[in-house]
Each structure stands twice: as structure tokens, then as C-alpha cells.
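Below: the structure, in C-alpha cells.
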Amino acid sequence: MSPTIKSLSARIKEEAQRLGFALVGLSPVQPSPHEETFAQWLRKGLGGEMGYLKRTEELRRDPKNLVPWAVSVVSVGMNYYTPHPRPEKQAGSRGWISRYAWGDDYHDLMKERLESLLEKIRGVYPEPVEGKVFVDSGPVLERGIAGVAGIGWIGKNTHLISPKRGSWFFLGELFLSVELAYDRPIKDRCGKCDLCLKACPTGAFVGPYVLDARRCISYLTIELKGAIPQHLRPLMGNHVFGCDICQEVCPYNVKAKPTGEEAFYPREGLYAPELIPLLSLSEEEFRRRFRGSPILRAKRRGFLRNVAVALGNLKSLEAVPALIHALRDEDALVRRHVAWALGEIGTAEALEALRKRLEVESDREVREEIEEAVADILSSSLQSLQIHTKKGILPFMKAIKAHYDGHVVVPEEPINLPVNTPVRVLVPEADESTLITEAFAKLSETSFSRIWDNDEDAAYDKL
Ligand code: B12
Ligand code: SF4
């Protein structure tokens, strides 16, 4: 190896560190060692709706298809860790934005620094140098490449983990037309640890090293453009943008050192933000508030969708007025998730607002969400009464149903049941005794032998 290659490589590392890249590694341009695994991952549909991954599969598998002139890659990692732990218990209606998105958008910042690294190289190298910079901005398997350059190993949580720095860092690459002195990959040090796999609240890991992105909160809150599948919403907790859990539990992150980059410290209102005011952001306010922030990627509609889901999960009573207001949001996607949240919170006020909205709502999917939310509230606030019949039960049920304005679950056909057949009736929890007593009063006492459950024996005794 010529002294020029050696000294250029050393110079690049020095300069990269001076530019704020805590991690630097050099590798030859070659197909990713896991290109086949990546292809299988795509084929199995684990990438969900991220069509851009599929469209650029060939370019990602082998960077030679992307930058045919390139010989070497400088991989860099920039630490974004700031010493703000997740609060143990969050008071009020606070959400969680993942720490990578607290400050300025890393893409621009890192790209600029890598561009100046390229200029520096051009300044010292005797011949013309071609170069191309990527920071999550091109069809590159960044973790695979950085792994080959020895920056870290790909862990079971699929993060690139540095033995000294953990995984709170972003990756970027500078492809070069010159040969360099290459680093060696380091060995996987996850060992038997599987804390990340167990900690994932949505069960997004198919197994070690394999993520089903469709279940990952990061995908659901950032990449997914449409509705969040209903069965996953309750598992998302108060996350409104990204998720950090599988990194938070990683032992290699315990001693993470804070970054020196001011730009990654939390902007005002982004660390555990108060969610209610976010629900009323207009398009313009959203853009102004998150200018230069990664949060823009979710767009207003995606972000407000996430905020609604988090408020539903928090069962935030104080959020009910704001949610009711947001039932009139201009965006149907937001209204859908707001309806779901109101259904989760389930107060009488929420129920009334949902029913009112149903009278004017014209979007089919929003209507369906509202109907489900109404049904959920009713069924969760219902209590069960068990009635033993002496005669047919249907008249009694009809009477009860009438009292509850039709919002009682009654079976259609239990007529003339044998004597003493127990029948379960669901009625709303509120003021049950008066209403039930009234319902009874309309019927012949001899029709029923007994009501059972809660205080209903007493109610019956009063008849
Ligand atoms: C698509 C994408 C996502 C998707 C899918 C994530 C995933 N794990 O694949 C979603 C939206 C879910 C996502 C989430 C996040 N992302 Co993201 N994401 C990307 C992106 C654009 C492409 C990744 C990709 O190609 N995924 C497909 C998988 C199959 O490929 P891969 O990640 O390279 O995985 C390799 C390994 O899994 C390996 N492999 C497969 N099987 C096996 C088996 C064994 C035994 C081994 C050893 C390896 C191995 O081969 C694969 C191919 O190289 C990259 C940027 C880029 N251009 O690379 C950022 C990137 C990976 N994301 C990043 C970050 C920070 C995140 C989040 C932490 C953000 C957040 N806080 O919410 C989360 C973390 C979630 C997680 N557990 O991964 C960083 C990761 C930095 C790091 N230190 O690792 C990257 C590199 C962006 C950047 N420039 O910094 N992301
Ligand atoms: S980021 Fe969160 S949801 Fe996604 S895999 Fe990690 S723990 Fe699971």
C-alpha cells in the first residue's frame, strides 16, 4: 500500500473526527454482506408500504450499481444522545417523541459536514477525486456498509451498535473514487442478550436481527401514510413520533456519552411534549413549528393522527374537549383517529359528541370508526344483569331497550324460555336501578323471578 493511501486514510479519519463524527470507518465498495437477507425481507413484505426500498432493491444490494466509479466508502457515525432520560411517570397528557427527532434534521447537518470532508480530501490529494455523499438520502444499505467498515456490528435490534458508543448515532457515507486503507468488521457482541426483542411493545421482531417494520412504532408513526391498524394502536402508548425502546434497553447504551452537537438538543416543547395543544395545529402552524425538524416527514395529518392515538391510549379526560373539537378537523385521517381516541376515553360527553358527528359525517371510513367507537363506549359501560325467567323474557327486554333509547344489547329471539332459564342482559351502568325498576313496573311481576348482579337484587326487591 502506498504511503499516500495510508496517510490519506489517516487524514480522512482525523478530519472526520474534527468535523464531529465520533465514529469513522473505511471500506471497499462491495455488495452488502446481507444483500440476500435484505432481498428476502422485502419479499416477505416486512417493509410494509415503504415502496422506495423495493424500487431501489438492486441499487441497495450493490453500491456499484449506484456509484460505478466509486472504489471506497468513508462511513461516519454522529452521536445524537443528550442526557434527557425518559420520565419514569409522565404527568398529564404528555407524549413521547423519539430522541433522534428532538433537534434539527440530521440529514442536512451531516451532509454539509461530509461535503466539507470531500473538499478537504480534494485539497490534499494530488489527483482529481470524485465523491458522493449520502445520509439516509439515497438507496444505500447504510448499516450493512458501516458494519463492513468496523463502526459497529448489526445487533439483534437491527441497530448498528458500537462497543464504546452504543447505538445513539446517525450514519452517513462518503463514496470516493480513490483507494484507501480499509478497516475490518468487528464481531457481533450481542451474545445471549435479548432484552430488545422482549421489550418491543408491539412485538415487531420476527426474531433476532429481523424486524417486521409493519409493526414497528417508528414505521407506524413516521412512514405509514394512512390509518394505523386498530389492533396496534393500543400497543403504541404515548409515542407520537418514532420509538426508542429497543435502544433504551440495550446494555451498550447504558453509558452513552452526550453529544457535543447543540443542534441535537431538544427544541422547546419537543421533549415529552404536552399533546393537547398539538391537536389544534393548522397546516401553517405545523410547518412553522417543525421547520428544519425530522417531524415534518410525518406531515400534519400523520402527526395529528399519532397525537390522537396517544391521547386515546392515555385515556386523557382533559383532552376530551380538544378531541371533540378535532372531530371537525378538515382531514378525514385525523377525524378517524380522533373518533377512536374518544371511544377509548369513553365519557358520556365523548359519546354524545360522536353521535352528533355521525349525523353530519359523510366520509365512509370516519363513519365506521365513529360507529365502532360508539359501540365500544356502550359495551364498556354496560353491566351485566342476570335474569331468571318464569315466563317469556322478550317483553322485559324490549321495555329495557326502550328505556335506554335503543342503546342496550339485547338478544333478538329469547322468547318463552323454560322457567328459570338464566338470561344475561347488558344495560348501561348509569342510573340502572331507577331505569330497571321502571322497566319492571311496566310488566307483570310474575314474569321474572329474580335479577342478579351488583345491587340489582335490591332493585328487584323494591318492586
Ligand atoms: C427503512 C428504515 C427504517 C424502517 C425499517 C427499519 C429496519 N430495521 O429495517 C423503520 C421506519 C421501521 C425505521 C425505524 C428506525 N430507524 Co431507520 N432507517 C431505515 C433506512 C432508510 C433503510 C433501512 C433498511 O434498508 N432496512 C431494511 C433492513 C432489512 O436492512 P438493514 O436495516 O440495513 O438491515 C440489515 C441487517 O438487518 C442485516 N441483517 C439481516 N439479517 C441479519 C442477520 C444477522 C445474523 C445479521 C448480523 C445481520 C442481518 O442485513 C440487512 C441489510 O444490510 C435506514 C437508512 C438507510 N438508507 O440505510 C434508516 C436507519 C437504519 N434508521 C435509523 C434510525 C435511527 C431509526 C430509528 C431508531 C428511528 C426512531 N427512533 O424511531 C428506528 C429504529 C427501529 C429499528 N428497530 O430498526 C438509523 C440507524 C442508525 C444505527 N445506529 O443503526 C439509519 C441508518 C438512518 C441513519 N442514516 O442514521 N427505519
Ligand atoms: S423502535 Fe420500538 S416498536 Fe420499533 S422495534 Fe424498537 S421497540 Fe419495537
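Where a number appears in this text, it was derived from the coordinates with a stated rule and is not lab data. For clarity, every value in this text was computed on a predicted model and none was experimentally measured. Note that each Cβ is placed from the backbone with ideal geometry, even for glycine, and that neighbours are counted across all protein chains shown.
Under the 0.36 nm per residue contour assumption, what length would be gained going from the current alpha-carbon distance of K64 and E352 to full extension? Walk me through the numbers on the way to the answer.
Values: separation 288, 0.36 × 288 = 103.68 nm, distance 6.09 nm.
Stretched out fully, the K64 to E352 stretch lengthens by 97.6 nm.
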Report, as a whole number in µm² per second, the diffusion coefficient that Stokes-Einstein gives for the range 1-133 at 4 °C and 1.567 mPa s using the Kirkwood radius over alpha carbon pairs.
-> 71
Go ahead and run the numbers for FRET between I186 and T4, Cβ-Cβ distance against an R0 of 25 Å, rounding to 0.05.
-> 0.40
A correct Stokes-Einstein calculation for the range 26-79, using the alpha-carbon Kirkwood radius, 20 °C and 1.002 mPa s, returns a whole-number D in µm² s⁻¹ of 173
GluC sites (Glu not before Pro) within the range 254-292: which are DSSP loop residues with at most 13 other Cβ atoms inside 10 Å?
-> E268
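Return the subset of K156/K255; K164/K198; K156/K225; K13/K192; K164/K299 for which the Cα-Cα distance in this structure is over 30 Å, preserving the input order.
Details: K156/K255 19 Å; K164/K198 23 Å; K156/K225 27 Å; K13/K192 33 Å; K164/K299 36 Å.
Pairs exceeding the cut-off: K13/K192; K164/K299.
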Short to long, in 5 Å steps from zero, the percent of alpha-carbon pairs of the range 72-133 per bin is 3, 12, 19, 16, 11, 10, 9, 7, 5, 4, 2, 1, 0
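Add +1 for every Lys or Arg and -1 for every Asp or Glu among the other residues with Cβ under 15 Å from the Cβ of K257, and state the total. Mind dumping the intermediate values first?
Numbers: positive: R99, K164, R165, K255; negative: E261.
Net charge around K257: +3.
Let me spell out the model: positive unit charges on the Cβ of Lys and Arg, negative unit charges on the Cβ of Asp and Glu, origin at the Cα centre of the range 275-380. What dipole size does that give, in debye rounded to 20? Working shown, then result.
Numbers: 18 positive and 19 negative charges, 131 e Å.
For this selection, approximately 640 debye.
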Once both labels are modelled 7 Å past Cα along the beta-carbon direction, what's the R288-H84 spacing in nm?
-> 2.2
The range 275-380 - Kirkwood radius from inverse mean 1/r over Cα pairs (Å) | 13.6
Around I186, what is the net charge, scoring Lys/Arg as +1 and Asp/Glu as -1 over all other residues with Cβ under 14 Å from its Cβ?
-> +4
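Treating the beta-carbon of each Lys and Arg as +1 and of each Asp and Glu as -1, no other charges, what is the dipole magnitude of the range 131-233 about its Cα centre, to the nearest 20 debye? Mind showing how you got there, number by number?
Values: 14 positive and 9 negative charges, 86 e Å.
Dipole size: approximately 420 debye.
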